[in-house]
Each structure stands twice: as structure tokens, then as C-alpha cells.
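K.L.:
What follows is a structure written as C-alpha cells; I'll ask about it next.
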Amino acid sequence: MYDVIVIGAGPAGVAASINATRHGLKTLLVAQSFLGESGTTRVENWLGDPVLSKKDLAKKLEEHVKAFGKSLEFKVPATITKIAKNDALFEVKTLDNVFRARALIVATGSSRRKLGVEGENKLYDKGIGYCVNCDAPFYNGKNVVLVTNTDKTGEAFKSLSKYAKNVYLIEPAAIVEIEGKNWVTGVKHIDQKTKQQRLLSADGVLVELGLEPNISLVKDLVELDESGFIVVASQTGATSQPGIFAAGDVANGKYKQYNIAAGDGVKAALAARDYLNNL
Amino acid sequence: MIQLTLIRPDDCDTCVDVKELLEGLKKDYPDIQVEEIDAASEKGQQLIIEHGIMQSPGILANGKFLTMGKVTEKELRKKLNKLK
């Protein structure tokens with residue numbers, strides 16, 4: 001049995017697990033990978049390193065965890081299948097094990113938000129992209145549907161318009177289906193004026209919907225805000241569930257950055273220590 | 001020699017992964033050379049249109065279309081073996 005299990009090995013999870021260990025908590029870190037899907041390829045604001053690739057940062061985080069030797073246990077890579085509360089303990093089930101702890105720190109980060117319509121998974125990477133800046137130069141002279149509702153709409157439209165023949169801006173709620181066999185050929189959507197379903201021919205669909213928190217494992221245990229982020233107390237990272245703390249991009253903090261996530265992780269570790277001391 | 005041309009934009013996770021794959025394959029394919037071209041540059045745009053590349057990164061081998069978008073090591077090896 002552990003004092004605390006940390007879920008996720010990005011800056012928040014690694015900072016939380018290191019600091020929980022340093023404060024004498026028997027700690028287990030469980031994650032799919034170090035750094036996971038989060039962030040960009042090039043990191044220019046990580047303290048102490050003016051420029052880092054994402055892979056180098058992942059390596060540094062792993063090395064830092066390993067430097068603690070046996071005092072900080074970690075299971076990376078591991079696939080978590082379920083997290084449950086059983087009496088006063090939290091159970092973390094992986095594909096081949098069950099771990100128990102008195103407190104939990106959730107640092108599962110966030111991923112690019114998807115549309116969730118028919119055809120999206122089938123045509124992923126076959127004309128559907130989630131990085132407008134990455135894919136825009138490849139749509140020279142093409143007809144592209146841009147699906148967005150974030151504050152980056154203007155920027156995304158401008159970036160795509162530099163190359164595409166036509167950019168069709170459609171709200172995510174209006175998209176019904178993305179059509180195509182081996183590549184996107186069109187988008188079925190509800191026309192704003194006629195309110196009728198319409199098929200628009202397109203060579204590609206670029207989706208820019210911001211971040212989606214990775215909360216599937218804990219969504220029934222803690223309170224979420226309207227966008228799905230875990231609601232935390234800003235001073236401690238405490239969630240609505242006593243004993244569960246959240247840190248980094250999965251929590252409802254305003255700003256999402258590696259350094260902020262790391263700070264959140266430290267804060268959650270200290271709060272978990274205080275919580276356990278007061279049990 | 002096989003000249004591989006990686007056509008890529010600046011901020012692209014997949015492109016970094018593909019570039020690392022290509023660099024790693026140099027051990028087994030010492031005759032490959034990798035050059036990178038910015039997808040937004042004039043030359044990049046010319047190649048994108050010429051070869052119908054619609055996903056980042058695009059890869060040309062000796063000036064001919066090889067692949068685009070995500071690619072696995074197995075797929076790359078298969079394609080490179082055909083070029084030998």
C-alpha cells in the first residue's frame with residue numbers, strides 16, 4: 001500500500017512524485033509514458049534549458065525519477081484500466097496489477113480535442129488534421145474545411161488562407177459526418193441559413209478545438225467544470241473528492257504551461273502530505 | 001546513394017518522429033542522405049504541388065514521391081528496400 005499514487009508522468013506528475021517522495025511519502029508513479037502526448041515539439045521556456053526538444057525533456061523527467069532509486073517506485077509504461085475508491089483507499093488497476101493508496105494525485109494532462117463525429121476516426125491522418133499550422137502548407141490550391149471555436153480561429157483562418165483555394169469555416173456543432181473512403185472527400189453539415197443538411201466537397205478538414213482534459217479515469221470521482229477540466233482549489237490542488245488532488249493541464253487552472261504544471265505538481269504533493277498527516 | 005527529402009513545417013510532432021526514424025535507419029542504410037525543406041518555403045510549396053503531398057511530412061526519394069504523413073519504421077524499411 002502506498003501513501004500516494006501519482007497518475008501521469010508529465011511535468012506535473014513527475015514534480016508531484018519527486019516532491020511527495022522527498023517529503024517522506026511512499027509514492028508510486030504510474031503512466032503510459034513520460035511526457036505523453038502533451039505540448040509542442042520544441043520547448044523554449046523550461047527553466048534551466050533555453051531550448052529543449054520534447055523527447056529530451058521526456059528523457060530528463062525520466063532520469064530525474066530514476067535518480068531517486070528504490071525510494072520512488074514507478075510503473076511507466078503502464079495502462080491504467082480503472083480508478084476506484086474503496087472505503088478510504090484509492091485503487092488503481094492496471095492491465096496486470098492493482099495498486100492501493102491513501103491519496104491520489106491526478107496529472108493526466110490533456111489532448112487535442114476531437115470532433116466526435118462519424119468518419120473522424122476512420123479518416124484520421126487521411127485528410128483530417130488537428131494542427132492547422134502543421135498542415136496548412138500542404139493544402140495549396142485545395143478546398144479545406146476549418147472547424148474551430150477557439151480564440152485561435154482568426155489565426156488559424158489566416159494561416160490556412162495563405163495556401164488554400166477556399167477555406168470553409170464551420171462550427172463544430174454543425175458537423176454531421178466526414179465523408180471519404182481512403183481520403184476526405186466532403187463534410188456533411190447543417191447549413192446555418194437553411195438549417196438543412198448539406199454535403200460540402202472538401203480535400204481536407206482541419207480541426208482546432210483546443211485541449212481536452214484526459215479525465216476518463218476519474219470523471220465519476222471528482223467535480224469537473226463545464227469544459228471537463230477537474231475543479232481544484234487553487235491553493236492546494238484539492239478536488240471535490242477528499243484525498244484526490246489534481247495538477248497540470250487536467251486541472252481547471254487558467255494557464256497551461258510546463259512550468260506551471262510542475263509548480264502545480266509540487267503544490268499537490270505538499271497538500272497530499274498535509275492531508276495524510278491530518279487523517 | 002538515396003537522397004531523401006523531408007518536406008515539413010516548423011511545429012510538427014509527426015515530422016520530428018519521422019526525422020528521428022530516418023536518422024536511426026542510417027545505421028542499416030548507410031547510403032541514405034536526408035535533407036529537410038520547409039513546407040512553407042517557395043521550394044517546399046513547389047514540391048508539395050508537384051507531388052500532391054497533403055500531409056506533413058512529405059518524403060521524396062531521389063526526387064520521387066515516397067510517402068506522406070505518419071509512417072512506421074516497418075513501412076519505411078519496406079519502401080527503402082524497394083529502392084535498393
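Read-outs: derived from the displayed coordinates by stated rules, not from any lab. Note that the structure is a prediction, hence the values are computed from the model and not measured. Here the Cβ positions follow ideal geometry from the backbone for every residue, glycine too, while neighbour counts run over all protein chains shown.
K.L.:
Computed FRET efficiency, Cβ-Cβ of B:Q46 and A:T79, R0 35 Å: what is it to the nearest 0.05? Kindly include the intermediate steps, with their values, before the conclusion.
P.N.:
On the way: r = 44 Å, r/R0 = 1.27.
According to the calculation, E is roughly 0.20.
K.L.:
Using Cα atoms only, what is the angle between the long axis of helix B:42-51 and the major principal axis of chain B, expressed in degrees (0 to 90) to the nearest 10?
P.N.:
With both axes taken from Cα atoms, the answer is about 70 degrees.
K.L.:
Quick one: check the C-alpha center-to-center distance for the stretch A:1-60 versus the stretch A:108-155, whole angstrom.
P.N.:
28 Å
K.L.:
Using modelled backbone amide H atoms (1.01 Å from N, in-plane), which distant-in-sequence or interchain residues come within less than 5 Å of A:K152's amide H?
P.N.:
Under 5 Å from the amide H of A:K152: no residue qualifies.
K.L.:
If eta is 1.002 mPa s and T is 20 °C, what Stokes-Einstein diffusion coefficient results for the stretch A:185-279, Kirkwood Rh from Cα pairs, in µm²/s? Don't jump to the answer; show the numbers that get you there.
P.N.:
Numbers: Rh = 16.0 Å.
Taking Rh from Cα pairs, D becomes 134 µm²/s.
K.L.:
Pairing the Cα long axis of helix A:258-277 with the longest principal axis of chain A, what angle in degrees results, from 0 to 90 and rounded to the nearest 10?
P.N.:
40 degrees
K.L.:
Got the relative contact order for chain A handy, in percent, Cα pairs under 8 Å and 6 or more residues apart?
P.N.:
22 percent.
K.L.:
For A:R113, list long-range residues whose amide hydrogen, built 1.01 Å from N in the peptide plane, is under 5 Å from its own amide hydrogen.
P.N.:
A:L209, A:G210, A:L211, A:E212
K.L.:
Counting only the backbone N, which residues of the stretch A:235-279 are under 20 Å from the spot 7 Å out from the Cα of A:E91 toward its beta-carbon?
P.N.:
A:241-245
K.L.:
Also, quick follow-up: With label points built 7 Å along Cα→Cβ from the Cα atoms of A:K165 and A:L279, find their separation and express it in nm.
P.N.:
With each label point 7 Å from Cα toward Cβ, the separation is 6.5 nm.
K.L.:
Taking θ = phi - 60°, what integer Hz values does the Karplus form 6.51 cos²θ - 1.76 cosθ + 1.60 yield along the stretch A:60-71, in sequence order, with x for Gly and Pro?
P.N.:
These are the phi-based 3J(HN,Hα) values: 5, 4, 5, 4, 5, 5, 5, 5, 7, x, 6, 6 Hz.
K.L.:
Find how many whole Å separate the alpha carbon centroid of the stretch B:68-84 from the alpha carbon centroid of the stretch A:181-216.
P.N.:
When both Cα centres are located, 31 Å separates them.
K.L.:
Same structure again: Please list 3J(HN,Hα) in residue order for the stretch B:71-84, calculated via the Karplus relation 6.51 cos²θ - 1.76 cosθ + 1.60 where θ = phi - 60°; whole Hz, with x for glycine and proline.
P.N.:
9, 8, 4, 4, 5, 5, 4, 4, 5, 5, 4, 5, 7, 5
K.L.:
Between A:A174 and A:V51, what FRET efficiency comes out of the Förster formula 1/(1 + (r/R0)^6) with R0 = 25 Å and r the beta carbon distance, rounded to 0.05? Kindly include the intermediate steps, with their values, before the conclusion.
P.N.:
Values: r = 41 Å, r/R0 = 1.63.
E(calc), rounded to 0.05, equals 0.05.
K.L.:
Out of residues 5 or more away from B:I37 or on other chains, whose amide H comes under 5 Å of its own, with H placed 1.01 Å from N in the peptide plane?
P.N.:
Distant-sequence amide H within range of B:I37: B:L6, B:I7, B:R8.
K.L.:
Can you give me the C-alpha center-to-center distance between the stretch A:240-260 and the stretch B:1-42, rounded to a whole angstrom?
P.N.:
If we compute the Cα centre of each part, the gap is 37 Å.
K.L.:
Kindly count the pairs of lysines across the stretch B:37-84 whose alpha carbons are less than 26 Å apart, treating pairs on different chains or eight or more residues apart as eligible.
P.N.:
Total qualifying Lys-Lys pairs in the stretch B:37-84 comes to 14.
K.L.:
How big is D for the stretch A:41-182, in µm² s⁻¹ as a whole number, if Stokes-Einstein is applied with the Kirkwood radius of its Cα pairs at 10 °C and 1.306 mPa s? Can you show the working numbers first?
P.N.:
Values: Rh = 19.5 Å.
Estimated via Stokes-Einstein, D reaches 81 µm²/s.
K.L.:
Same structure, new question: Residue by residue through the stretch A:196-208, what is 3J(HN,Hα) from phi via Karplus (6.51 cos²θ - 1.76 cosθ + 1.60, θ = phi - 60°)? Round to whole Hz and write x for glycine and proline.
P.N.:
Per-residue couplings from phi come out as 9, 6, 9, 9, 10, 5, 8, 8, x, 10, 10, 10, 10 Hz.
K.L.:
Just check the stretch A:159-207 against the gyration tensor rule for me: Cα atoms, a ≥ b ≥ c as the square roots of the eigenvalues, rounded for a/c under 1.5, and otherwise prolate or oblate depending on whether a/b exceeds b/c. Display every interim value, and only then the final one.
P.N.:
Values: a/c = 2.06, a/b = 1.25, b/c = 1.64.
Cα axes put the stretch A:159-207 in the oblate bin.
K.L.:
Can you give me the angle between helix A:11-22 and the longest principal axis of chain A, using Cα atoms only, in degrees from 0 to 90, rounded to the nearest 10?
P.N.:
0 degrees
K.L.:
Grab the eigenvalues of the alpha-carbon gyration tensor for the protein assembly as shown, scale each by 5, take roots, and send me the semi-axes largest first in whole angstrom.
P.N.:
Ellipsoid half-lengths, sorted descending, are 40, 27, 17 Å.
K.L.:
Continuing with the same structure: Looking only at other chains, what is the average number of their beta-carbon atoms within 10 angstrom of each beta-carbon in B:35-42?
P.N.:
Numbers: counts 0, 0, 0, 1, 7, 6, 1, 0.
Mean shielding by partner chains, rounded to a whole number: 2.
K.L.:
Let me ask another. In the stretch A:191-279, which trypsin sites (Lys or Arg not before Pro) are in a loop and have at most 15 other Cβ atoms within 10 Å, using DSSP for the loop call? List each step's numbers first, then the result.
P.N.:
Working: sites: A:K193, A:K195, A:R198, A:K219, A:K254, A:K256, A:K267, A:R273; in loops: A:K193, A:K195, A:K219, A:K254, A:K256.
The qualifying sites are A:K193, A:K195, A:K219, A:K254.
K.L.:
Report the dimensions of the stretch A:62-134 along its three principal axes from the alpha-carbon atoms, largest first, rounded to Å.
P.N.:
47, 34, 21
K.L.:
Per DSSP H run of n ≥ 4, the term is -39500 (n - 2.57); total these for chain A, divide by its residue number, and report the mean residue ellipticity at 222 nm rounded to 500 deg cm²/dmol.
P.N.:
The helix contribution divided over chain A gives -6500 deg cm²/dmol.
K.L.:
Okay, moving on. Trypsin sites (Lys or Arg not before Pro) within the stretch B:1-64: which are DSSP loop residues with at most 11 other Cβ atoms inside 10 Å?
P.N.:
Working: sites: B:K19, B:K26, B:K27, B:K43, B:K64; in loops: B:K26, B:K27.
Answer by residue number: B:K27.
K.L.:
In terms of the ratio Rg/(2.2 N^0.38 Å) built on C-alpha atoms, what value belongs to the stretch A:111-253?
P.N.:
On the way: Rg = 17.8 Å, N = 143, 2.2 N^0.38 = 14.5 Å.
Normalised Rg, Cα atoms only: 1.23.
K.L.:
Convex hull over the Cα atoms of the stretch B:22-68, averaged projected area in nm²? Let's see the in-between values first.
P.N.:
Details: hull surface 13.4 nm².
Taking the Cα atoms of the stretch B:22-68, their convex hull projects to 3.3 nm² on average.
K.L.:
Here's another thing I want to ask about it. Among DSSP bridges having both ends in the protein assembly as shown, what percentage is antiparallel? Round to the nearest 5.
P.N.:
Numbers: 35 of 74 bridges.
So the antiparallel bridges amount to about 45 percent of the total.
K.L.:
With the Cα gyration tensor of chain B giving a ≥ b ≥ c as the square roots of its eigenvalues, does the rule (a/c under 1.5 for rounded; else a/b larger than b/c for prolate; else oblate) give rounded, prolate or oblate?
P.N.:
Numbers: a/c = 1.76, a/b = 1.44, b/c = 1.22.
Verdict is prolate for chain B.
K.L.:
Continuing with the same structure: Are there trypsin sites (Lys or Arg not before Pro) in the stretch A:1-104 that DSSP puts in a loop and that have at most 15 other Cβ atoms within 10 Å, and which ones?
P.N.:
Details: sites: A:R22, A:K26, A:R42, A:K54, A:K55, A:K59, A:K60, A:K66, A:K70, A:K75, A:K82, A:K85, A:K93, A:R100, A:R102; in loops: A:K26.
Filter output for the stretch A:1-104: empty list.
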